[in-house]
Amino acid sequence: MDTKGSLVGTASKALVWRGVLAIAIGAVSVIWPDITVGAFVILFAVYAFIAAIMDATRAFSSARGGSVVGHLLLSVLSLAAGVVALIWPGPTAVVLTLIVGWWALFTGLVEIAMVFTSGRRAGDRAWLILSGLVSIAFAVALFIRPDLGALSLATVFGLYSIFYGVSTLVVAREGRQLQHTTQRVAAAVS
């Protein structure tokens, strides 16, 4: 029982950090949307360059010829994506907007599906439904009007991140309450 209690405590701490980080990123996105868009494009380019290096490394460390060709192809594609992102940041921002839209849509659907798993308390279910609906609404807005621009996305993303961070902190609080209840029950049984 002590292992489960410490596992819940560790998960709650991780959720707190995740929530605080989401709120901080959200605040920066709302205050400086233009910087946020530029940062998204640069981070994507850096990620693509790192992926290119990792895939090239895997290609040359592979013992099989098929793996070499596949990893080299992935490396070239990642390198090209990073270069394109830096040369044409505007179109890259639009594509990243659509990627964020798909991410938000699937996140919302999964959160709503999690409502139907057993053992959820009413408060947890309500937060999952609300968070899922906000994620889906965010995705729909991005899909309907991607032409509104990346600055709008940065602001909406910031507001979404703040909401997500607050809801994550609420779930973390629920986890800590569960940990304390579990510890009390374990102590009473012992």
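Each value in this text was obtained by applying a stated rule to the coordinates, not by laboratory testing. What you see is a predicted model, and the numbers here were worked out from it, not measured in a lab. Cβ atoms come from the backbone with ideal geometry, glycine included; neighbour counts cover every protein chain shown.
Brief remarks follow.
- Dmax and Rg, reported as Rg then Dmax, of the chain (C-alpha, Å): 21.0, 66
- On full extension, the segment bounded by Phe116 and Gln177 gains 19.8 nm, given 0.36 nm per residue less the C-alpha separation.
- Euclidean distance between Cα centres, region 132-148 to region 152-177, Å: 17
- Restricting region 48-146 to chymotrypsin sites (Phe, Trp or Tyr not before Pro) that sit in a DSSP loop and have at most 15 other Cβ atoms within 10 Å of their own Cβ leaves Phe116.
- Residue-averaged 222 nm ellipticity for the chain, from DSSP H runs of 4+ at -39500 (n - 2.57), nearest 500: -32500 deg cm²/dmol
- Here the relative contact order of the chain, from alpha carbon pairs under 8 Å that lie six or more residues apart, stands at 41 percent.
- A P(r) calculated from all alpha carbon pairs of region 72-153, with 10 Å bins opening at zero, reads 18, 32, 25, 18, 7, 0 percent.
- For region 142-190, the convex hull spanned by the alpha carbon atoms encloses 66 Å³ per residue.
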